Amino acid sequence: MNNYQYVNYDWYNMNRMYQPNNLSLYNPEEAIIRGNLFKDLYKDYKDYKPRKPQLRTEQERKLFEIQSLCFAAHELNLYLDLHPEDQSMLRLMNDYIIKKDQLVKDYENKYGPLTLNSTGNQTSFNWVNNTWPWEEYNV
């Protein structure tokens, strides 16, 4: 016999409670730090205090901004699975994706590819030429 506890969610009231006019969102950077885009769904855990990572370089700041936008877009995508008619959240998700795509393009032009899909017209495999985190910061 297992020890799992079944939780019966009241989906009707949850869906009604989080309609577009009741939504309160964190900005993408605050959302990734807290692990939740929706302020009403964020719950503090004991005495844990979310804090922004120490970003030492311009490259780290740009990468954090890209990651933040990806996280926020993914959160909105999950929300839209339950509320596909919410045009304002769909527009916001698309805005985040467009901004993220531009930042990725700028990042890759300056620092090199982020993924295998973004290798473009490279003439050599440059992944191994970059400094690894433990080399740069003596971790």
Quiz item: In which sequence would 41, 103 go, from the one with the fewest C-beta neighbours within 10 Å to the one with the most?
Solution: 41, 103
Exercise. Compute the length gained on full extension between residue 117 and residue 27: take 0.36 nm times their separation in residues and subtract their Cα-Cα distance, giving the result in nm to one decimal.
Key: 29.6 nm
Self-check item: Estimated distance in nm for a label pair at residue 59 and residue 94, the labels positioned 7 Å out from Cα along Cα-to-Cβ
Solution: 3.5 nm
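Rule-based calculations on the coordinates, nothing more; no lab input. Please read all numbers here as calculations on a predicted model, not as lab measurements. Using ideal geometry, Cβ is built from the backbone for each residue, glycine included, and neighbour counts are taken over all protein chains shown.
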